[in-house]
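Peer 1: After the structure tokens below, expect a handful of questions from me.
The values are calculated or read from the model by the stated rules, or taken from the named source; none is laboratory data. For clarity, every value in this text was computed on a predicted model and none was experimentally measured. Because the Cβ atoms are built from the backbone with ideal geometry, glycine has one as well, and the counts that use them run over all protein chains shown.
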Amino acid sequence: MTVRSTLFCALLAAATLTSAKADNYKIDPVHSAVLFKVGHFGVGNIYGRFDTFAGDFVFDPSEPAKDSVKLEIITDSVDTNAPDRDKHLKSPDFLNAKQFPTATFKSTAVKKVDDKNYEVTGDFTLRGITKPVTVAVQVIGTGPGPKGEPRLGTESTVTLKRSDFDVKAFLPAVTDEVELRIAVEAIKQ
Amino acid sequence: MGSLIGQGIVGIVLPALLALILNGLVLRAALAESRKWPFIGLIIAGCFAFSYSVLLGGIAFPPREATHWLPFIAVGAVVFGTILQFTSGLGRSVVRLIAALATAWTVLQLQIFGRWPLPISVEWLVAVTLILFATSRLIERAGALRNTPTEILLGMALAAGFGGVALFFGGSAVLGQICNTFGLLLAGLTILTFFLPPAQLGPVIPLIYVLVFGSLLLNGSLFSDLPWATAGLFWLAPFGVLIGPPASSGGNRNLRLLLRGLIVLVLVGLAFVALFLISPPHGNEY
């Protein structure tokens, strides 16, 4: 083996090691959404969203055990396209946004289901109450963004029981189950 | 819709009727008047706590939020009110001050820890304590000098009942419903005292009113969107019964009651004007 080929092999190994390293991503709020769905009087579903949130995660497809996710949602940013309803949702009847301005999720374990799907278990905190939840995460894709920056897209779903977090107003007319859907584009840091 | 109506019947109408019957029995009982009021206070507080439990899906223990304290404040007010009933002199003021401070603390504690600067927190705590202290003393003393118990109760019932409507429009439907129940409980007692007039109201009911309604208004303004001006006018509303000639001057008691009720309603009306000017509803039904 010549010196040149040895050097080439060393560089290749270094490149491989670098790519296997866990990457840090920061959520791009412009290309992300935190949506929720709740049943209304057994007739239909009401959809809403949180306009302000932030988060980051560590992602290594080869070593999911090292992966982690953090998400912080500003409860005062709830938006259901009905200002009076939003005011009510922010009140102590529901989110109690002035006393509890944030809802947070911090992962405790990540399990790889297949190349595209993961199960992320973590602690979800709402109105000061923390409960373990498992979120189904699907990797939509990876690739360069508009400025060539590496991006990763995921879509996650989890169904929570709002009564677990002491949000009991108008049960059962407004369903206990609330489906959260978190669509994220994150930029590699 | 059916479940909400059912919840309203069990959470609002049932406790109001129960309190009406039980308070009627107590008022008719062969007991000294000073001993009747603690029982009546306990019935009011118990029915209020029951209503809270139905409308909010249970009583949280230990309380974690300002609103969680409401049933405990109601029961605590009965205890402090009963002590007041049988205390005199400086001890009476001390007991009243402790009750006011404890209530102010339970409502403001979540804001005090790390949200507001300490001096502002202390100012709020002192201000709310003094307002609660002074109001309960004023309603009890000035009311006793100028009004019949029915007149004082009418002022409190109207303020609490319509205060619930204001809380509803101020963003918190559940707090509004709880406040409505409180108003109905007092309204029932007003009707009872009209037909079974006691000589004096005593300190128990005014203290429950001040601490519970004060907490509800504070919760509405601090954590929901009830304008402070509206809360302030509701706070002043029961003092409308102090206007006009004292009850001891004689005259037609029904007419006097009606006029005093109207003065309270004028203040309630002003509170609603303030509410709709400062925080107009968007008119989107949801």
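Peer 1: Output the residue which, of all residues in region B:1-38 that are more than 14 Å from chain A (Cβ to nearest Cβ) and assigned to a loop (DSSP other than H, G, I, E, B), is surrounded by the fewest Cβ atoms within 10 Å (Cβ to Cβ).
Peer 2: Among residues in region B:1-38 that are more than 14 Å from chain A (Cβ to nearest Cβ) and assigned to a loop (DSSP other than H, G, I, E, B), the one surrounded by the fewest Cβ atoms within 10 Å (Cβ to Cβ) is B:Ala30.
Peer 1: Scan B:Ala173, B:Ala199 and give me the residue that is within 14 Å of chain A (Cβ to nearest Cβ) and not basic (Lys, Arg).
Peer 2: It is B:Ala173.
Peer 1: Which members of region B:37-68 meet the condition of being without any contact (Cβ under 8 Å) to a residue 40 or more places away in the chain and among the aliphatic types (A, V, I, L, M)?
Peer 2: B:Leu42, B:Ile43, B:Ala49, B:Ile59, B:Ala60
Peer 1: Count, please, the residues in region B:240-267 that happen to be assigned to a loop (DSSP other than H, G, I, E, B) and β-branched (Val, Ile, Thr).
Peer 2: Residues flagged as assigned to a loop (DSSP other than H, G, I, E, B) and β-branched (Val, Ile, Thr) within region B:240-267 amount to 1.
Peer 1: Something else about it: Among what's in region B:52-91 and is away from chain A (no Cβ under 14 Å), buried (at least 17 other Cβ atoms within 10 Å of the Cβ) and of a type in the set (Gly, Ala, Ser), pick the residue that is nearest to A:Gln99 (Cα to Cα).
Peer 2: B:Ala74
Residues are listed down the side, and each one gets a yes or a no for (1) among the basic types (Lys, Arg); (2) crowded, with 23+ Cβ neighbours inside 10 Å; (3) at pLDDT 95 or above:
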{"residue": "B:Leu184", "(1), (2), (3)": "no, yes, yes"}
{"residue": "B:Pro197", "(1), (2), (3)": "no, no, no"}
{"residue": "B:Pro203", "(1), (2), (3)": "no, yes, no"}
{"residue": "B:Leu207", "(1), (2), (3)": "no, yes, yes"}
{"residue": "B:Val241", "(1), (2), (3)": "no, yes, no"}
{"residue": "B:Gly244", "(1), (2), (3)": "no, no, no"}
{"residue": "B:Ser249", "(1), (2), (3)": "no, no, no"}
{"residue": "B:Leu258", "(1), (2), (3)": "no, no, no"}
{"residue": "B:Leu265", "(1), (2), (3)": "no, no, yes"}
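Peer 1: Quick check on my filter: what residues within region B:129-148 are part of a helix (DSSP H, G or I) and either surrounded by 24 or more Cβ atoms within 10 Å (Cβ to Cβ) or in contact (Cβ under 8 Å) with a residue 60 or more places away in the chain (or both)?
Peer 2: Within region B:129-148, B:Ile131, B:Leu132, B:Thr135, B:Ser136, B:Leu138, B:Ile139, B:Glu140, B:Ala142, B:Gly143, B:Leu145, B:Arg146 meet the criteria.
Peer 1: Tell me yes or no: at least one residue of region B:234-251 is within 14 Å of another protein chain (Cβ to nearest Cβ), on the phi < 0 side of the Ramachandran plot and touching a helix residue (DSSP H, G or I) at 6+ places or on another chain (Cβ under 9 Å).
Peer 2: no
Peer 1: Of the residues that make up region A:60-76, is at least one surrounded by fewer than 17 Cβ atoms within 10 Å (Cβ to Cβ), under 17 Å from the mean Cα position of the chain (by Cα) and of a type in the set (Asp, Glu)?
Peer 2: Scanning region A:60-76 turns up at least one residue that is surrounded by fewer than 17 Cβ atoms within 10 Å (Cβ to Cβ), under 17 Å from the mean Cα position of the chain (by Cα) and of a type in the set (Asp, Glu).
Peer 1: Here is a follow-up. Which one of A:Val43, A:Val34 is under 30 Å from B:Gly170 (Cβ atoms), within 14 Å of chain B (Cβ to nearest Cβ) and either at pLDDT 95 or above or more than 22 Å from the chain's Cα centre (by Cα) (or both)?
Peer 2: Answer to the selection: A:Val43.
Peer 1: Which ones in region A:148-189 are among the basic types (Lys, Arg) and closer than 21 Å to A:Ala33 by Cβ?
Peer 2: Residues satisfying the conditions are A:Arg151, A:Arg162, A:Arg181, A:Lys188.
Peer 1: Moving to a separate point now. Report whether or not B:Ile98 is modelled with pLDDT of 95 or more, closer than 22 Å to B:His68 by Cα and surrounded by fewer than 20 Cβ atoms within 10 Å (Cβ to Cβ).
Peer 2: yes
Peer 1: Residues that are away from chain B (no Cβ under 14 Å), in contact (Cβ under 8 Å) with a residue 60 or more places away in the chain, on the phi < 0 side of the Ramachandran plot and not β-branched (Val, Ile, Thr): does region A:160-175 have at least one?
Peer 2: Checking region A:160-175: not a single residue is away from chain B (no Cβ under 14 Å), in contact (Cβ under 8 Å) with a residue 60 or more places away in the chain, on the phi < 0 side of the Ramachandran plot and not β-branched (Val, Ile, Thr).
Peer 1: Okay, moving on. Filtering region B:268-281 down to residues that are surrounded by 13 or more Cβ atoms within 10 Å (Cβ to Cβ) and in a loop (DSSP other than H, G, I, E, B), which residue is modelled with the lowest pLDDT?
Peer 2: B:Pro281
Peer 1: Identify the residue in region B:219-230 that is buried (at least 24 other Cβ atoms within 10 Å of the Cβ) and part of a helix (DSSP H, G or I) and, among all such residues, is nearest to the other protein chains (Cβ to nearest Cβ).
Peer 2: So the residue we want is B:Phe223.
Peer 1: Same structure again: Have a look at A:Val34, A:Val38, A:Val30 and point out the one that is farther than 21 Å from B:Phe223 by Cβ, of a type in the set (A, V, I, L, M) and outside any strand (DSSP E or B). Explain how you work it out, then say what you get.
Peer 2: On the way: A:Val34 fails: outside any strand (DSSP E or B); A:Val38 fails: outside any strand (DSSP E or B).
Answer to the check: A:Val30.
Peer 1: To continue, here is another question. Name the pairs: first residue in region A:79-101 and under 13 Å from A:Phe50 (Cα atoms) and at the interface with chain B (Cβ under 9 Å from one of its Cβ atoms), second residue aliphatic (A, V, I, L, M) and assigned to a helix (DSSP H, G or I), Cβ to Cβ under 7 Å, at least 6 apart or on different chains?
Peer 2: What qualifies is A:Thr80/A:Leu89.
Peer 1: Anything in region A:146-158 that is buried (at least 16 other Cβ atoms within 10 Å of the Cβ) and not basic (Lys, Arg)? List them, or say none.
Peer 2: If the condition is that a residue be buried (at least 16 other Cβ atoms within 10 Å of the Cβ) and not basic (Lys, Arg), then A:Leu152, A:Gly153, A:Thr154, A:Ser156, A:Val158 are the ones that fit.
Peer 1: Given the condition surrounded by fewer than 20 Cβ atoms within 10 Å (Cβ to Cβ), modelled with pLDDT under 95, small (Gly, Ala, Ser) and closer than 28 Å to A:Lys188 by Cα, answer yes or no: does some residue in region A:122-141 qualify?
Peer 2: yes
Peer 1: Just checking, does region B:119-128 include any residue being in contact (Cβ under 8 Å) with a residue 24 or more places away in the chain and either surrounded by fewer than 24 Cβ atoms within 10 Å (Cβ to Cβ) or assigned to a helix (DSSP H, G or I) (or both)?
Peer 2: Within region B:119-128, one or more residues are in contact (Cβ under 8 Å) with a residue 24 or more places away in the chain and either surrounded by fewer than 24 Cβ atoms within 10 Å (Cβ to Cβ) or assigned to a helix (DSSP H, G or I) (or both).
Peer 1: Of these, B:Thr150, B:Thr190, which one is at pLDDT 95 or above and either farther than 17 Å from B:Gly41 by Cα or not charged (D, E, K, R) (or both)?
Peer 2: Criteria check complete, one pass: B:Thr190.
Peer 1: Within region B:231-239, identify whether any single residue is surrounded by fewer than 14 Cβ atoms within 10 Å (Cβ to Cβ) and assigned to a helix (DSSP H, G or I), and answer yes or no.
Peer 2: So the first thing to find is which residues in region B:231-239 are surrounded by fewer than 14 Cβ atoms within 10 Å (Cβ to Cβ), and the list is none.
No: zero hits.
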